[in-house]
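The values are calculated or read from the model by the stated rules, or taken from the named source; none is laboratory data. Values in this document were obtained by computation on a predicted structure and should not be read as measured data. Cβ sites come from the backbone with ideal geometry, for glycine too, and all protein chains shown count toward neighbours. Side chains included, ligands, DNA and RNA excluded: accessible areas come from the protein's heavy atoms. Shrake-Rupley method; radii C 1.70, N 1.55, O 1.52, S 1.80 Å.
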Amino acid sequence: MDDIRGIINSIVKGCAQAGVVVPDVLAGFVARTIVESNSSYFALDRKATPEATQEVIMQSIEKLLEKDSPALEMIKMQVDYDSTYLSEETDAQNKAKARAKMIAGHKTGILEIEMEDSSDYEALTTLYRKIFRFLLEFAPNAKSADRDVEREIAAALESVFPRVGLKAFIQLNNEEKGSQLLELGRIILGIRLFNRDEGRGGAGIDNMDTDGNILANVLSQDIDREVEFFTDACAKYQKAIIKAHVQKRRKRFEKEREEEQYRESLDEYGNPTERTRTRTKPKTEIDEVSDYLVERWSQELANRRQYLGYLRTLQDEARFLLEKISLLCEKIRAELVNVRSLVTNKASVPKEVVYPRFDALGLLWVQ
């Protein structure tokens, strides 16, 4: 249909006049469901008439203004779930892109430095400062504007990559420089993580590993409880609806049998007999649930089942993330143990032995 934007604006405005705030995406979704459920009237392959457009607007407003409607709540739930999922996915992608852009920006700034010769002190100083700035921002979610962080990174940088190493660095091609920068970032991060675990460093690095594991566990447990509760609720709804239908059929059967017995008690001329007068009524009356209540239960059951479906999707994702985070935490702990076994009670350790372990530890943290 044409002028979708105008239709959505009219729906939102109409609801606002009734005191109900409706997001554009919800208004558009409701309008679409109305059009698709009446495709014979609201033709999608030709321009909509003013009458058809107005009818879509009015039906949409009426739908959105319904009170205590399980069906409307289902639509809202679907819109909220889809839009929130998309928003979270977009936010995660944007964070990944921002980090990649940050790293690329630092690499570009470092690679574009030109030197007149290997003794160009000013250029070497600028290069070292840019490498230092890159390392300040390399650790995810870490504080960079902190004097303790700066001192810690400066000490680690001087140990791993002293200024005298710059002359060899500038002789590398751009690809080799970029690779060495990332390796340097991981090694420095690994050193800081080990120092933090030892209780003598790691300033500005939050507890992403333990906090993430705790939050993932709590989230998974909360969703499990919610799934269990609504699985039981849906079973009770279904049992009540089935029981209501059975009672309805049983009452209809009892009534038909009573009428048949009454007819059989009449004489050949259709007049009551002594048998008719002495015929007893059923001893018990079957309580019948109204059709309205059964329909209401059915709508509420559909609502709960939809919510349960979303819960189970989240349950699978939460379990997957918990497993992934737990595995990363185990790997981090294992690398910390490896490093500790290499450096404990030793005056010095060859860098070709210990640096790969710091590199692996930093890589795990970045992941």
| said: Please report the equivalent ellipsoid semi-axes of the chain, computed as sqrt(5 x eigenvalue) of the Cα gyration tensor, largest first, in whole Å. | reply: 72, 31, 14
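With a 1.4 Å probe and all protein chains left in place, how much accessible area per residue does the chain have, in Å²?
Working: 23380 Å² over 367 residues.
Averaged over the residues of the chain, the accessible area is 64 Å².
Would you tally the net charge around Glu352, using a Cβ to Cβ cut-off of less than 14 Å, leaving Glu352 out, and scoring K and R as +1, D and E as -1?
Values: positive: Lys351, Arg357; negative: Glu183, Asp359.
Around Glu352, the charge tally is 0.
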| Cβ crowding within 10 Å averaged over residues, with 236-249, 59-72 ranked highest first | 59-72, 236-249
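So, counting K/R as plus one and D/E as minus one, what does the shell of residues with Cβ under 12 Å around Phe132 add up to? Spell out each step's value before the answer.
Values: positive: Arg129, Lys130, Arg133, Arg151, Arg163; negative: Glu137, Glu150, Glu152, Glu158.
Net charge around Phe132: +1.
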| remark: Excluding residues fewer than 8 positions from Lys255 in its own chain, the lysines with Cα under 20 Å of it are Lys243, Lys281, Lys283
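With charges only on Cβ, +1 for K and R and -1 for D and E, what is the dipole size of segment 148-237 about its Cα centre, in debye, rounded to 20? Can you show the working numbers first?
Numbers: 10 positive and 17 negative charges, 110 e Å.
The dipole magnitude comes to about 520 debye.
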| said: Only four residue types carry charge here, +1 at the Cβ of Lys and Arg and -1 at the Cβ of Asp and Glu. Report the dipole size of the chain about the Cα centre in Debye, rounded to the nearest 20. | reply: 760 debye
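I want the local charge near Ile61. Using Cβ-Cβ distances under 13 Å, sum +1 for each Lys or Arg and -1 for each Asp or Glu among the other residues. Kindly include the intermediate steps, with their values, before the conclusion.
On the way: positive: Lys13, Lys63; negative: Glu55, Glu62, Glu66.
Charge balance near Ile61 sits at -1.
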| message | At 1.4 Å probe size, with the rest of the protein present, what percent of the exposed accessible area of the chain is carbon and sulfur atoms? | response | 52 percent
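Which helices pass in the chain if a helix is a full DSSP H run, must span at least 15 angstrom along its long axis by Cα, and must have mean Kyte-Doolittle hydropathy not below 0.5?
4-17, 24-37, 351-366
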| request: Using the Cα centre as the reference, give the magnitude of the dipole from point charges on the C-beta atoms of segment 97-206 (Lys, Arg: +1; Asp, Glu: -1; all else neutral), rounded to the nearest 20 debye. | output: 420 debye
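Go through Lys13/Lys63; Lys130/Lys167; Lys97/Lys143; Lys130/Lys177; Lys13/Lys67; Lys13/Lys76 and tell me which ones have a Cα-Cα distance over 22 Å in this structure. Show your work: numbers first, answer last.
On the way: Lys13/Lys63 14 Å; Lys130/Lys167 15 Å; Lys97/Lys143 19 Å; Lys130/Lys177 13 Å; Lys13/Lys67 18 Å; Lys13/Lys76 18 Å.
Listed pairs above 22 Å: none.
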| Separation of alpha-carbon centers, segment 106-143 and segment 204-231, rounded to whole Å | 40 Å
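Using the 2.2 N^0.38 Å rule of thumb for compact globular proteins, work out how segment 1-65 stacks up: its C-alpha Rg over that value, please.
Numbers: Rg = 11.0 Å, N = 65, 2.2 N^0.38 = 10.7 Å.
Computed over Cα atoms of segment 1-65, the ratio equals 1.02.
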| query | At what distance in angstrom do the alpha carbon centres of segment 319-367 and segment 27-103 lie from each other? | reply | 47 Å
| query | Ranked from highest to lowest mean number of other Cβ atoms within 10 Å per residue, what is the order of the peptides 180-190, 198-208? | reply | 180-190, 198-208
| field | segment 107-213 pair-distance distribution - Cα-Cα, 5 Å bins, rounded % | value | 2, 11, 23, 23, 17, 11, 8, 4, 1, 0, 0
